[in-house]
Ligand SMILES: Cc1ncc(COP(=O)(O)O)c(C=O)c1O
């Protein structure tokens, strides 16, 4: 067991700090969540019960989007958006390779083609300056590119003004993958308003998470919302057994909506707390690592606290040593999506993805959530700084 000078807690490889502490949040809302779940058990409308519509109304109010459509997961929200945008087999969609697989996997699911693009080395989000390279690659391969999926990685929205401009010039739609960035803003606009369509995830570890799988999509487009709502219930028309299109089952469970309504009450405070925790990490670590750079016009929902280790540092060794003093760390992401075998046949932007390769080598993420206390954060940063100093002197 090792103690920090600034913390009375003892941690070790057998007694690790939680990477994300969902129990700390639950303690604050448990009686209300219990009541909300009880209410669902009492009325028994497990599918599309009243909580689902209430949640959609509140999510629309929160984001400022005209329509919020709840879904069974973030991945299904992306798929429903793509169906509503009219994606066809063989169409191409530009997407960053430095992301979670779901950002790209939704294209092959619908017979379409992800075109892997580069990210910015500081913000880690889709680089508007390299979009042309992705488009050129697709053009050369004879692929008809129809849209772009930027990803609000680790909580920070992409440079949506530049991306929307590029999209307008080339007659493409933009679908914002905001699975990690709900609650963030860019140029004063909330996530949910910055693209033709936006998809988010309520996976438990997300900034706003439920107690299972869940997601939502946002749009101002009436037609798009209508198609997405129909497609999430088997392509249903006005009459339940009247099918207007091919669809699927992608509804949010009433139980999850009930949980989310309670969590949404806490969310604005949690966003502020996340920013304060990220600021604390930044000020302790900024001289020894390169934290994800937050654009001057952006806020982040800080889904993860990520930074780049200096080039040449043995990341496995750092993780090993952190673990020995009870500090978990995670690598988001070890490989670009395009490097995984199932994606090997899809095109990569001309000029390659050297930034993605570099980030995959150097990125690391430390324990982070809205309720991590100062002592625990100090314990983590004290040990991290010591480990980095020892490695430097070795
Ligand atoms: C960037 C990104 N896109 C999409 C998803 C998919 O969300 P879900 O797990 O709710 O399907 C995730 C979830 O981890 C994600 O991080």
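Please treat every number below as a calculation from the coordinates, not as lab data. From a predicted model like this one, the values you see are computed outputs, not experimental measurements. Every residue, glycine as well, gets a Cβ built from its backbone with ideal geometry; the counts of neighbours run over all protein chains shown.
Per the Kirkwood formula on distinct C-alpha pairs, the Rh of the range 137-221 is how many angstrom?
13.5
Take the Cα coordinates of the range 27-262, assign each an equal point scatterer, and use the Debye formula without solvent to give log10 I(q)/I(0) at q = 0.12, 0.13, 0.14 Å⁻¹.
These q points yield log10 I(q)/I(0) values of -0.64, -0.74, -0.85.
How high is the relative contact order of the chain, in percent, counting Cα pairs under 8 Å that sit 6 or more residues apart?
Across the chain, relative contact order equals 24 percent.
Diagonalise the Cα gyration tensor of the range 230-301 and give the resulting equivalent ellipsoid semi-axes, square root of 5 times each eigenvalue, largest first, whole Å.
43, 17, 10
Between residue 324 and residue 389, what FRET efficiency comes out of the Förster formula 1/(1 + (r/R0)^6) with R0 = 22 Å and r the beta carbon distance, rounded to 0.05?
0.90
Give me the distance in nm between label points sitting 7 Å out from Cα along the Cα-to-Cβ direction at residue 248 and residue 57, one decimal.
Spacing of the two 7 Å Cα→Cβ label points: 3.0 nm.
Which FRET efficiency value, to the nearest 0.05, do you get for residue 170 and residue 29 by plugging their Cβ-Cβ distance into 1/(1 + (r/R0)^6) with R0 = 45 Å?
Result of the calculation: an efficiency of 0.50.
Run through the DSSP bridge list for the chain and note the antiparallel percent, rounded to the nearest 5.
65
Looking at the chain from every direction and averaging, what is the projected area of its Cα convex hull in nm²?
Average projection, Cα convex hull of the chain: 20.1 nm².
Between residue 88 and residue 350, what is 0.36 nm times their sequence separation minus the Cα-Cα distance? Round to one decimal in nm.
This chain segment gains 91.9 nm when fully extended.
Would you please put 256-265, 147-156 in order of how densely packed they are, using the mean number of other Cβ atoms within 10 angstrom per residue and starting with the highest?
For the peptides 256-265, 147-156, the packing ranking is 147-156, 256-265.
Rg to Rh ratio, the range 258-352, alpha-carbon atoms and Kirkwood radius?
Using Cα coordinates only, the ratio equals 1.05.
So between residue 140 and residue 226, what do we pick up on full extension, going 0.36 nm a residue minus the alpha carbon distance?
This chain segment gains 27.4 nm when fully extended.
Grab the DSSP H runs of the chain that are 4 residues or longer, score each as -39,500 (n - 2.57), total them, divide by all residues and round the 222 nm result to the nearest 500 deg cm²/dmol.
Dividing the helical sum by the residues of the chain leaves -13000 deg cm²/dmol.
Could you sort the peptides 180-192, 100-112, 75-87, 14-26 by per-residue average Cβ neighbour count (10 Å cutoff), highest mean leading?
Packing proxy ranking, top to bottom: 75-87, 180-192, 100-112, 14-26.
Taking a virtual spin label 7 Å from the Cα of residue 37 along the C-beta vector, which residues in the range 252-281 bring their backbone nitrogen under 19 Å of it?
Those under the cut-off are 252-266.
What is the Å³ per residue value for the convex hull set by the Cα atoms of the range 28-127?
Measuring per residue, one finds 158 Å³ for the Cα hull of the range 28-127.
May I ask for the Kirkwood hydrodynamic radius of the range 171-266, worked out over all distinct Cα pairs and given in angstroms to one decimal?
Hydrodynamic radius (Kirkwood, Cα pairs) of the range 171-266 is 14.6 Å.
What FRET efficiency, computed as 1/(1 + (r/R0)^6) with R0 = 25 Å and r the Cβ-Cβ distance, is obtained for residue 239 and residue 46, rounded to the nearest 0.05?
0.70
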